[in-house]
Amino acid sequence: WKRLYSEIAEVKEPFDRDNLWRMFSVWAVLRGYPIPDWRQLEGTPERKIKGRFDELSKNRALKESIPDWMDELGVKELGEKVWAKEIAAQNQPAKVILRTNTLKTTKEALRAILMDLDIETEYLKDQPDALVLKERANVFMTDAFKQGFFEVQDANSQLVAAFLDVKPGMRVVDTCAGAGGKTLHMAALMENKGQLIAMDLYESKLKQLKLRAKRDGAFNIEYRIIDTTKVIKKLHEKADRVLIDAPCSGLGVLKRNPDAKWKLRPEFIDNIRKVQSEVLESYSKIVKPGGKLVYATCSILPSENQEQVERFLTTDIGKQFTFIKDHKILASESGFDGFYMALMERKESVKKE
């Protein structure tokens with residue numbers, strides 16, 4: 001609530017010591033705490049603070065602590081009603097969700113193991129591998145984590161691998177693997193059978209994925225750095241399944257990265273849309289005829305999601321694909337992260353000019 005409190009206190013960044021005291025007094029008054037008898041807080045205008053809070057809270061950008069440009073963009077893309085609910089949901093604390101590593105255990109067994117550690121969890125409807133922590137706990141210190149029995153992964157992120165319909169024995173390519181949460185999920189769904197190629201621009205991310213894969217017992221993964229266009233060309237029409245977990249604004253996961261609201265810039269979003277178009281056209285060529293492609297983001301903006309897919313389907317390579325279905329997930333409706341995923345299939349036979 002930094003933006004709202006600073007407006008009420010009538011201070012601007014960078015905050016000096018006096019400004020921080022004024023911010024503290026606003027926080028204390030609005031939280032209902034008695035003002036301490038400290039020299040720095042003498043004369044705190046409690047009535048004025050409450051009055052300014054009532055007045056300024058009517059401004060959504062101030063209330064939700066987001067930049068004006070982001071508020072305008074959200075309204076433009078989602079409409080006033082949906083955006084108001086969505087940005088409010090993104091300011092709620094994120095729940096901790098575990099994904100059971102089915103290469104090593106079952107959801108029921110994992111729940112029992114955690115219960116013995118006084119870590120209570122609940123099942124999630126329509127989520128075969130997910131457990132929700134009832135209260136936050138440092139699960140990374142448990143032997144169950146160190147032995148690779150689970151990963152921490154948002155509930156809606158867990159939907160992506162199954163949406164791609166991967167099966168044991170397939171050749172699957174994760175083109176933007178990053179540190180590999182979805183890669184590891186696909187390895188589990190493939191039961192370590194077949195070939196899973198994890199690709200990324202950054203070697204450091206793939207090194208992190210290797211460590212996680214070793215812990216999880218996922219050994220059907222190959223790692224390839226995208227350092228030249230040849231890396232992609234070698235795989236043209238070679239994969240049964242391709243996941244493009246595209247770089248995006250991250251506006252669906254602000255509750256996990258609240259600072260991102262102030263680090264994002266309009267020009268970054270403009271640029272990322274161009275990148276999304278490029279990777280969709282380039283990486284889709286990896287799908288073989290009859291194979292399937294999922295384009296996914298953790299954004300809630302149509303311009304990064306369904307509009308990208310619609311544009312892709314009009315391109316030369318996109319015309320070789322059939323749109324099957326998509327899944328638009330809002331944090332305000334699901335209670336978890338905002339996500340988008342679209343499933344497409346490459347046509348069996350394409351007439352060549």
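The values are calculated or read from the model by the stated rules, or taken from the named source; none is laboratory data. Only a predicted model underlies this, so the values are computations on that prediction, with no experimental measurement involved. So basically every Cβ, Gly included, is an ideal-geometry build from the backbone, and we count neighbours across all protein chains shown.
Ser299 - would you say it is at pLDDT 95 or above, assigned to a loop (DSSP other than H, G, I, E, B) and not basic (Lys, Arg)?
Numbers: at pLDDT 95 or above: yes; assigned to a loop (DSSP other than H, G, I, E, B): yes; not basic (Lys, Arg): yes.
The answer is yes for Ser299.
When the residues of region 312-333 are filtered to those that are in a helix (DSSP H, G or I) and surrounded by 16 or more Cβ atoms within 10 Å (Cβ to Cβ), the one that is farthest from the chain's Cα centre (by Cα) is Gln320.
Of the residues Lys48, Lys12, the single one that is assigned to a helix (DSSP H, G or I) and either touching a residue at least 60 places away in the same chain (Cβ under 8 Å) or not aliphatic (A, V, I, L, M) (or both) is Lys48. With respect to being surrounded by 14 or more Cβ atoms within 10 Å (Cβ to Cβ), in a loop (DSSP other than H, G, I, E, B) and of a type outside the set (Phe, Trp, Tyr), Gly291 falls outside the description.
Take Glu237 and decide whether it is under 15 Å from Val309 (Cα atoms) and among the acidic types (Asp, Glu). Spell out how you get there, then give the answer.
On the way: under 15 Å from Val309 (Cα atoms): no; among the acidic types (Asp, Glu): yes.
In short, no.
Have a look at Lys205, Lys182 and point out the one that is assigned to a helix (DSSP H, G or I), within 17 Å of the chain's Cα centre (by Cα), surrounded by fewer than 20 Cβ atoms within 10 Å (Cβ to Cβ) and not hydroxyl-bearing (Ser, Thr, Tyr). First the steps, then the outcome.
Details: Lys182 fails: surrounded by fewer than 20 Cβ atoms within 10 Å (Cβ to Cβ).
None of the others qualify; the one that does is Lys205.
What are the residue pairs meeting all of these: first residue in region 227-244, first residue closer than 9 Å to Val287 by Cβ, second residue among the polar types (S, T, N, Q) and surrounded by 21 or more Cβ atoms within 10 Å (Cβ to Cβ), Cβ atoms under 8 Å, and 6 or more apart or on different chains? Pairs found: Val242/Thr175; Val242/Ser284. Filtered by the rule that a residue be over 21 Å from Gly181 (Cα atoms) and surrounded by 19 or more Cβ atoms within 10 Å (Cβ to Cβ), region 90-113 gives a lone residue, Gln90.
Does region 252-263 include one or more residues that are part of a loop (DSSP other than H, G, I, E, B) and of a type in the set (A, V, I, L, M, F, W, C)?
Checked against the condition, which is being part of a loop (DSSP other than H, G, I, E, B) and of a type in the set (A, V, I, L, M, F, W, C), region 252-263 yields at least one hit.
The set of residues in region 51-71 that are exposed (fewer than 15 other Cβ atoms within 10 Å of the Cβ) and in a helix (DSSP H, G or I) comprises Gly51, Asp54, Glu55, Asp68, Trp69.
Glu222 meets all of the listed conditions (1) surrounded by fewer than 13 Cβ atoms within 10 Å (Cβ to Cβ); (2) over 23 Å from the mean Cα position of the chain (by Cα); (3) not in a strand (DSSP E or B) but one, namely (3). Test Gly291 against the stated conditions and say whether it is farther than 16 Å from Asp71 by Cα and either under 20 Å from the mean Cα position of the chain (by Cα) or modelled with pLDDT of 95 or more (or both). Judged against the criteria, Gly291 is a match. When Gly79, Gly74, Gly148 are checked against the criterion of being buried (at least 18 other Cβ atoms within 10 Å of the Cβ) and at positive phi, a single residue qualifies: Gly148. For region 242-276, residues that are among the acidic types (Asp, Glu) and surrounded by 14 or more Cβ atoms within 10 Å (Cβ to Cβ) total 1. Residue pairs whose Cβ atoms lie under 9 Å apart, separated by 6 or more positions or on different chains, with the first residue in region 118-144 and free of Cβ contacts under 8 Å to residues at least 12 places away in the same chain and the second of a type in the set (Phe, Trp, Tyr), are Asp143/Phe149.
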